[in-house]
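Peer 1: Just passing along the structure, written as structure tokens.
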Amino acid sequence: MTLLTIEGLSAGYGGAVAVDGVSLALKAGETVALLGANGAGKSTLLKAVLGLVPARGRVVLDGVEVGGLAAEKRVRLGLGYVPEGRRVFAGMSVRDNLEVASFAGTAERGRDLERVLALFPQLREKAGERAWRLSGGQQQMLAVGRALMGRPRLLLLDEPSLGLSPKVAGEVFAAVRAIAAQGTAVLLAEQSARRALAAAGRAVLLRLGRVVHDGPADALDAEALRTAFLGDPILGDPIPGGSESS
Ligand code: ATP
């Protein structure tokens, strides 16, 4: 069953186009890695799906056209979003950070909190601590946990491994796999291709705001990946400031 359909989605900043006519569909429960170099448009695409940047085109969530709706309404309809940079309320406790992210009634909120703490045992240990005391990895887990408190059917994750050690990034990706195993669809924007591909069933490669590849993650051809990250090998047009694949 198709959960999300994006058709001809374009978004930009001033006159500059960052996402250029992207069409994409996600099935319920599917994990899709959205890969591309620095500046390829991954973050902007996630923001456009959520309604955080003005966009043209269609965004349909579970049969409902959400393209004209405010971000908060889209969240209530089933989109969860974890922005780059793990935003949490630093002065609030871990438990409060999670509870204020819920719009469920008390009993359901308690169950949702338990589910998040089961997923992230490190957060259970620190439930009473203020969020600023957490490590970077734990803050990322808390940011993901906050999004889960809204019971998303689709989680939009922006660069969850950014700035984390390989070990901690591995823990975060293990949690992403566990979330997916519980039936939540995930659209995972990453520059770290290897880890994202290990967690995803499908890979979408973005280059200069356009989809240049969409297919099974395990069949992703190294050449397609290289081209998306570094430019066309024949035309030799590397992205200005583009980064290496990892
Ligand atoms: P990164 O991994 O660096 O986050 P990305 O693939 O997520 O890269 P975007 O952040 O979506 O890419 O950026 C796409 C393009 O839009 C880039 O050219 C970027 O410079 C530009 N851009 C992004 N945010 C803004 C902004 N707030 N104002 C102006 N231009 C922006």
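The values are calculated or read from the model by the stated rules, or taken from the named source; none is laboratory data. Note that the structure is predicted; figures quoted are calculated from it, not measured. Reconstructed Cβ throughout: ideal geometry from the backbone, glycine too, with neighbour counts over all protein chains shown. Only protein heavy atoms, including side chains, enter the accessible area calculation; ligands, DNA and RNA are left aside. Shrake-Rupley method; radii C 1.70, N 1.55, O 1.52, S 1.80 Å.
Peer 1: Quick one: accessible surface of S43, probe radius 1.4 Å, all protein chains present, in square angstrom to the nearest 10.
Peer 2: Solvent-accessible area, nearest 10 Å²: 30 Å².
Peer 1: Just to verify a number: FRET efficiency for A107 and E7, C-beta to C-beta distance, R0 = 35 Å, to 0.05? Could the numbers behind the result be given before it?
Peer 2: Details: r = 39 Å, r/R0 = 1.11.
Working from the Cβ atoms, E equals 0.35.
Peer 1: If you fit an axis through the alpha-carbon atoms of helix 136-148 and take the longest principal axis of the Cα set of the chain, what angle between them do you get, 0 to 90°, nearest 10?
Peer 2: 80 degrees
Peer 1: Please report the relative contact order for the chain, taking Cα pairs under 8 Å with a sequence separation of at least 6, and give it as a percent rounded to a whole number. Mind showing how you got there, number by number?
Peer 2: Numbers: 504 pairs, mean separation 65.6, N = 246.
This gives 27 percent for the chain.
Peer 1: Specify which residue in the list V116, A18, G201 is farthest towards the positive end of the charge dipole of the chain, using unit charges on the beta carbon of Lys, Arg (+1) and Asp, Glu (-1), about the Cα centre.
Peer 2: After comparing all options, I get V116.
Peer 1: While we're on this one: Carbon and sulfur: what percent of the chain's accessible surface (1.4 Å probe)?
Peer 2: The computed percentage sits at 53.
Peer 1: While we're here: Taking the Cα-to-Cβ direction at A219 and at R177 and moving 7 Å from each Cα, how far apart do the two end points lie in nm?
Peer 2: So the two model labels end up 2.2 nm from each other.
Peer 1: Please figure out what share of the DSSP beta bridges in the chain is antiparallel and state it in percent, rounded to the nearest 5.
Peer 2: Details: 23 of 41 bridges.
Roughly 55 percent of the DSSP beta bridges within the chain come out antiparallel.
Peer 1: To continue, here is another question. Under 8 Å for C-alpha pairs, at least 6 residues apart: give me the relative contact order for region 1-135, rounded to a whole percent.
Peer 2: 20 percent
Peer 1: While we're on this one: Given +1 on the Cβ of Lys and Arg, -1 on the Cβ of Asp and Glu, and no further charges, what dipole in debye does the chain carry about its Cα centre, rounded to the nearest 20?
Peer 2: Charge dipole, the chain, about its Cα centre: 680 debye, nearest 20.
Peer 1: Would you kindly find the accessible area of F120, with a 1.4 Å probe and non-protein molecules such as ligands, DNA and RNA excluded, rounding to the nearest 10 Å²?
Peer 2: 10 Å²
Peer 1: Might you work out the accessible area of V100 for me, using a 1.4 Å probe with all protein chains in place, and round it to the nearest 10 Å²?
Peer 2: Roughly 90 Å² of V100 is accessible to a 1.4 Å probe.
Peer 1: Only four residue types carry charge here, +1 at the Cβ of Lys and Arg and -1 at the Cβ of Asp and Glu. Report the dipole size of region 91-141 about the Cα centre in Debye, rounded to the nearest 20.
Peer 2: Charge dipole of region 91-141: 100 debye, to the nearest 20.
Peer 1: For region 26-63, list residues with backbone N below 12 Å from a point placed 7 Å from the Cα of V212 toward its Cβ?
Peer 2: 35-38, 40-41, by backbone N distance to the label point.
Peer 1: Now for a different question. Which residue, chosen from G80, A131, V100, occupies the Cα position most advanced towards the positive end of the dipole of region 74-134, where the dipole is computed from +1 (Lys, Arg) and -1 (Asp, Glu) charges on Cβ about the Cα centre?
Peer 2: G80
Peer 1: Then there is this: Modelling each spin label as a point 7 Å along the Cα-to-Cβ direction, I'd like the E84/A70 distance in nm, to one decimal.
Peer 2: So the label points at E84 and A70 sit 2.7 nm apart.
Peer 1: What FRET efficiency comes out for A28 versus R194 if R0 is 25 angstrom and r is the Cβ-Cβ distance? Round to the nearest 0.05. Please report the intermediate quantities before stating the final value.
Peer 2: Values: r = 26 Å, r/R0 = 1.05.
Calculated value: 0.45.
Peer 1: For the chain, take the longest principal axis of its alpha carbons; what is the angle in degrees between that and the long axis of helix 106-119, to the nearest 10 within 0 to 90?
Peer 2: Helix 106-119 and the main axis of the chain meet at about 60 degrees.
Peer 1: I would also like to ask the following. Counting pairs of alpha carbon atoms under 8 Å apart in space and at least six apart in sequence, what relative contact order in percent does region 105-174 give?
Peer 2: That works out to 31 percent.
Peer 1: Taking only protein heavy atoms and a 1.4 Å probe, what accessible area per residue, in Å², does region 34-124 have with all protein chains in place?
Peer 2: For region 34-124, the per-residue accessible area is 47 Å².
Peer 1: Spin-label point model (7 Å from Cα, Cβ direction): what's the M92 to E125 distance in nm?
Peer 2: Inter-label distance under the simple model: 2.4 nm.
Peer 1: Arrange the residues R56, R153, R207 by how much accessible surface each exposes, largest first, with a 1.4 angstrom probe.
Peer 2: Sorted by accessible area, descending: R56, R153, R207.
Peer 1: Compute the angle between helix 166-181 and the longest alpha-carbon principal axis of the chain, please, reported from 0 to 90 degrees and rounded to the nearest 10.
Peer 2: 80 degrees
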